[in-house]
Structure formats: C-alpha cells, structure tokens
Amino acid sequence: MSNGSNAQWQARKQAAIARGQGNMAPVYIDRAKNAEMWDVEGNRYIDFGTGIAVCSTGHTNSKVTAAVQDQLQRFSHTCVMVTPYDSAVELAEKLNELAPGPTAKKTIFVTTGAEAVENCVKIARAHTGRRGVIAFNGGFHGRTMLAMGLTGKITPYKNLFGPFPGEIYHAPYPIEYHGVSVEESLKAIDTMFRVDIAPTDVAAIIVEPVQGEGGFYPAPDEFMQALRKLCDEHGIVLIADEIQTGFARTGKFFCSDYAGIEPDLMTVAKGMAGGFPLAAVVGKADIMDAPLPGGLGGTYGGSPIGCAAALAVIDVIAEENLVERATQIGDLFASRLSELQDSYPDVIGEIRATRGAMIAMELVKNGDADQPDPDLTKALVTLAYQRGLVLLSCGIRGNVIRFLPALTISDELIDEGLNIVEACFRELILI
Ligand SMILES: Cc1ncc(COP(=O)(O)O)c(C=O)c1O
C-alpha cells in the first residue's frame with residue numbers, strides 16, 4: 001500500500017499539480033477490482049463513476065489485463081505511422097464492422113476524445129471543402145482549443161480561455177424537461193442558415209446522442225433522424241460524438257442505433273479500451289479518405305497497448321452480454337431512484353434512465369426545473385464519498401448526479417450503492 005494518508009496526498013497534489021486539473025474527491029486510490037476501489041487508508045468505495053465512463057468492463061478486468069500484459073511482452077510502441085502491427089488493423093476492422101449503418105467504413109486512431117473530435121472536423125472540412133461547424137448548447141467535446149470551442153458549456157471549460165476558434169455555431173439542444181422542443185431546436189438551425197451561415201458553407205454538425213457533461217439528456221430519436229435528413233439535404237457531414245455513449249454503455253453498442261441512423265463520422269474513446277488511452281474516428285470510407293496521407297494521426301495514436309486492451313474489451317462485451325446488461329442496470333436504477341423521487345418529489349426533478357447504464361437524477365428546489373440545486377448536488381457527491389460511494393455530477397447548471405457504473409457490476413453492489421444514496425438524502429434533507 002502507498003505511504004501517506006488521503007489528506008497528505010491531497011496537500012502534496014495541491015502543491016504539485018496546478019489547480020486547473022482539479023479533483024472531485026480527495027481520495028487516493030491504491031487498488032481497484034471490478035466496481036470497487038480501495039484508497040491508501042484502506043477505505044473501500046463502490047464506484048458509480050468508472051473514471052468517467054471508462055472502465056465499463058470493470059477495474060483490472062482479468063481478460064483486459066492479460067491482453068495488455070501479453071502485448072507488453074511483445075513490444076509497447078513502434079508507431080502506427082512508422083511500422084504498424086496486427087492489433088491496430090484488427091481493431092480497425094472490428095470498429096468498421098460495429099459502427100452503425102451499412103456503408104463501408106474506415107478508422108483512424110488517436111489518443112484522447114478531444115483529439116478524435118478535432119480530427120472529425122479536419123476530415124469533414126477536407127471532404128466538403130467547407131468551413132462551418134454546428135454544435136449544440138450544453139454539448140461537451142473536450143478541452144483542446146477546437147473541441148473547447150465546440151463545447152457549449154462555459155464553466156469550467158471555457159472561462160478565461162478565449163478567443164475561441166472561428167466558424168463554430170451553437171444551436172439549442174432539445175430537452176423536454178427544460179422546455180426546448182425538437183421543433184424549436186430544428187427551427188433555430190433553420191434560422192442560423194438564414195442569419196449566420198449558409199448550409200452550403202457548413203462542413204459538419206456534431207451531436208452527442210446523449211449529452212454527457214451537459215446533463216445526461218438523451219437526444220430524441222426524431223431529432224437524430226431530422227439531423228440525418230438535414231445533413232443529407234445539404235451535403236453536411238453528421239458527426240456523432242459517441243465518446244461517452246459508445247461501447248455498450250447505453251444498452252446498444254452505439255447509441256446512434258436507438259434512432260436507427262448512420263452517422264457519417266463517429267468518435268469513440270473512453271469505454272473502448274478499459275482504461276488505456278485510446279480514441280478513434282470511425283466513418284464512411286470515402287469521407288475518411290479525404291485527407292492526404294500523413295494529414296491525420298500522431299505519435300501515440302493507436303498504441304499497441306490500447307489496441308490490445310480494446311480487442312479484449314470487445315470480446316468481454318460479447319461474452320458477458322454487456323449490451324443487454326446495460327439495459328438491466330438502467331432498469332434497476334430506474335426503479336430504485338423513482339422510489340426515492342416519490343419520497344423527495346420537490347428535490348428530485350427528473351430521473352433519466354432510458355439509455356442503459358447512463359443514468360441521471362436532476363436536483364431542483366420546489367420541484368421546479370428552473371430552480372436548479374447545485375449546492376445539494378455538491379453536498380451529495382461529498383457525503384457519498386465519505387460514506388464509501390464514488391458519485392459524479394454534471395449538467396450546465398451543476399445539478400445533475402450521473403450514474404455510470406461498470407457494466408460488470410453485480411445487482412448486490414448496485415443495491416448497496418443506492419442504499420448509500422438514500423441514506424445521504426435522508427441525512428442532507430431533514431424532512
Ligand atoms: C462526449 C464527449 N466528447 C469528448 C470528450 C473529451 O474526451 P477526452 O477527455 O478524452 O479528451 C468527452 C469526455 O468526457 C465526452 O464525454
């Protein structure tokens with residue numbers, strides 16, 4: 001076990017790591033297995049966050065670990081762009097097969113989600129010869145300059161960092177709970193085409209099938225279908241950002257499958273490689289081939305360690321039926337959380353649990369969607385880790401608790417974790 005207490009490590013962290021890279025809990029993990037973690041003081045935690053939707057096949061999954069160890073014995077890096085290797089090709093073939101829709105696909109590998117997003121825009125611009133990109137209010141696409149520009153949430157992502165890259169336009173994202181209809185959202189894009197940018201100048205529309213950091217709002221199927229139609233009509237590249245929603249998380253292998261649409265380009269990362277840094281763009285082959293050789297990629301993109309891990313993750317998802325399991329997990333959370341909502345109707349404004357194991361609970365005052373309660377949300381996250389449960393928050397108003405457990409978590413651990421959530425509620429709301 002590591003030397004030092006959580007408090008000692010937090011003090012050293014604050015002195016050594018800039019505050020911009022903040023941490024949600026002053027808890028220093030020593031080891032983790034499946035859906036449980038233990039800190040440097042020996043305290044146990046149930047993990048409802050999976051390192052932000054990454055360890056979907058559980059911490060230190062034995063198959064993933066064995067695949068990585070085996071790869072490490074062979075070699076750890078040669079660079080796909082110098083002397084490639086079998087695992088990158090095999091993984092690209094699998095991703096091309098798994099991506100929604102019948103059109104032939106190709107893949108490129110990068111290292112982080114933000115990089116995948118940036119590369120989508122580069123590919124869309126190379127393919128269309130156009131400049132504009134439309135993104136959505138509340139969307140999150142990463143922290144690099146272009147990805148941050150696309151992000152539709154100021155705090156904490158955009159404060160102090162302008163000026164932002166040009167030719168980015170934001171439209172409202174449809175959220176029924178907050179009174180934004182699909183029609184309104186589409187109308188805003190139509191207005192944008194008349195006021196800000198002609199559709200013939202738009203290279204791409206980028207959308208999360210479920211907004212992640214923005215608050216776990218699923219895009220209605222008819223909205224995704226309307227975007228598909230709009231893009232077809234105007235020759236615009238439709239980018240589905242599946243970085244948080246991909247790899248079985250939502251009860252489909254990719255969330256775009258709910259709407260039955262085929263995105264032109266899709267980003268993947270997070271749950272793909274079980275905790276090893278790997279991201280990719282998968283898209284229609286003719287669009288993917290628009291950039292010239294050498295125009296895409298990077299030194300570490302498609303690391304052999306990440307590719308070996310991802311191939312094992314894909315096997316585990318199939319062998320353990322994790323796509324179906326995600327839906328079961330969503331149902332378990334839905335029934336327990338709606339009981340909690342019955343007890344606290346003024347506080348729990350909405351439970352969102354229709355997209356597998358991507359579950360949210362929005363906290364408000366007086367049962368009013370327009371009175372968010374970020375303080376209670378923060379207090380709940382803090383009390384939960386003190387009681388042995390790692391919870392994450394999100395939302396442009398900072399008032400959403402998001403549940404992202406491993407898809408390999410047991411029913412018993414879900415119950416135990418939700419018992420902690422209930423107990424925290426009782427302690428924080430003395431009614
Ligand atoms: C939808 C979405 N896009 C992009 C990103 C950025 O990914 P990364 O943090 O790996 O750069 C994230 C990360 O949370 C995400 O959820």
Exercise. Just for helices (runs of 4 or more DSSP H) wholly inside the range 24-133: which have at least 3 residues that are under 18 Å from the mean Cα position of the chain (by Cα), within 16 Å of the ligand (Cβ to nearest atom) and not β-branched (Val, Ile, Thr)?
Worked result: 113-128
Seminar exercise, completed: Conditions (1) within 11 Å of the ligand (Cβ to nearest atom); (2) in a loop (DSSP other than H, G, I, E, B); (3) free of Cβ contacts under 8 Å to residues at least 60 places away in the same chain -> Asn159 fails only (1)
Seminar exercise, completed: In the range 204-243, anything within 10 Å of the ligand (Cβ to nearest atom), part of a loop (DSSP other than H, G, I, E, B) and either in contact with a helix residue (DSSP H, G or I) (Cβ under 6 Å, 6 or more places away or on another chain) or not small (Gly, Ala, Ser) (or both) is listed as Glu208, Pro209, Glu213, Glu242, Ile243
Seminar exercise, completed: From the option list Thr299, Thr354, single residue qualifying as on the phi < 0 side of the Ramachandran plot, touching a Cys at 6+ places or on another chain (Cβ under 7 Å), open to solvent by 60 Å² or more (accessible area, probe 1.4 Å) and at pLDDT 95 or above is Thr299
For this session: Could you tell me whether the range 173-187 includes any residue that is within 26 Å of Gly129 (Cα to Cα), open to solvent by 40 Å² or more (accessible area, probe 1.4 Å) and away from the ligand (no atom under 15 Å from the Cβ)?
Result: yes
Seminar exercise, completed: Looking across the range 389-400 at residues that are aliphatic (A, V, I, L, M) and under 12 Å from Pro372 (Cα atoms), the single one that is least open to solvent (accessible area, probe 1.4 Å) is Val400
Exercise. Which residues, taken from the range 252-290, are part of a strand (DSSP E or B) and either surrounded by fewer than 23 Cβ atoms within 10 Å (Cβ to Cβ) or in contact with a Leu (Cβ under 8 Å, 6 or more places away or on another chain) (or both)?
Worked result: Leu265, Val268, Ala280, Val281, Val282, Gly283, Lys284
Exercise. Looking at His127, is it modelled with pLDDT of 95 or more and surrounded by fewer than 19 Cβ atoms within 10 Å (Cβ to Cβ)?
Worked result: no
Exercise. How do the pairs read when you match residues in the range 1-28 that are more than 19 Å from Ser393 (Cβ to Cβ) with residues anywhere that are open to solvent by less than 50 Å² (accessible area, probe 1.4 Å) and not in a loop (DSSP other than H, G, I, E, B), using Cβ under 7 Å and keeping only pairs 6 or more apart or on different chains?
Worked result: Asn6/Asp39; Tyr28/Asn6; Tyr28/Asp39
For this session: Output the number of residues of the range 349-367 satisfying the condition of being small (Gly, Ala, Ser) and either within 18 Å of the chain's Cα centre (by Cα) or part of a helix (DSSP H, G or I) (or both).
Result: 4
Problem set entry | Which listed residue is within 16 Å of the ligand (Cβ to nearest atom) and within 30 Å of Gly395 (Cα to Cα), from Ala353, Ala326, Ala334, Ala357 | Ala357
Problem set entry | Residue among Asp346, Asp375, Asp342 that alone is acidic (Asp, Glu), part of a loop (DSSP other than H, G, I, E, B), free of Cβ contacts under 8 Å to residues at least 60 places away in the same chain and farther than 30 Å from Val313 by Cα | Asp346
Problem set entry | Flag for Thr191 being open to solvent by less than 60 Å² (accessible area, probe 1.4 Å) and among the hydroxyl-bearing types (Ser, Thr, Tyr) | no
Seminar exercise, completed: Among Asp331, Asp370, the single one that is of a type outside the set (Phe, Trp, Tyr) and assigned to a strand (DSSP E or B) is Asp370
For this session: For residues that are under 20 Å from His127 (Cα atoms) and either touching a Lys or Arg at 6+ places or on another chain (Cβ under 6 Å) or in contact (Cβ under 8 Å) with a residue 24 or more places away in the chain (or both), tally how many sit in the range 194-215.
Result: 10
For this session: Give the residues of the range 357-388 that are touching a helix residue (DSSP H, G or I) at 6+ places or on another chain (Cβ under 7 Å) and open to solvent by 40 Å² or more (accessible area, probe 1.4 Å), sorted by residue number.
Result: Arg387
For this session: Determine which single condition Ala7 fails, assuming it passes every other condition in (1) among the small types (Gly, Ala, Ser); (2) touching a strand residue (DSSP E or B) at 6+ places or on another chain (Cβ under 8 Å); (3) outside any loop (DSSP other than H, G, I, E, B).
Result: (2)
Seminar exercise, completed: Scanning the range 83-109 for residues that are touching a Phe, Trp or Tyr at 6+ places or on another chain (Cβ under 6 Å) and open to solvent by 40 Å² or more (accessible area, probe 1.4 Å) gives Leu98
For this session: Look through Ala35, Ala15 and report the one residue that is small (Gly, Ala, Ser) and open to solvent by 90 Å² or more (accessible area, probe 1.4 Å).
Result: Ala15
Exercise. Could you count how many residues in the range 81-110 are touching a Leu at 6+ places or on another chain (Cβ under 7 Å) and of a type in the set (Val, Ile, Thr)?
Worked result: 2
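The values are calculated or read from the model by the stated rules, or taken from the named source; none is laboratory data. Since this is a predicted model, take the numbers as computed values, not measurements. Cβ coordinates were reconstructed from backbone atoms using ideal geometry, including for glycine residues, and neighbour counts include every protein chain displayed. Ligands, DNA and RNA are stripped out before the accessible areas are found, and what is left, the full protein with its side chains, is counted by its heavy atoms. Shrake-Rupley method; radii C 1.70, N 1.55, O 1.52, S 1.80 Å.
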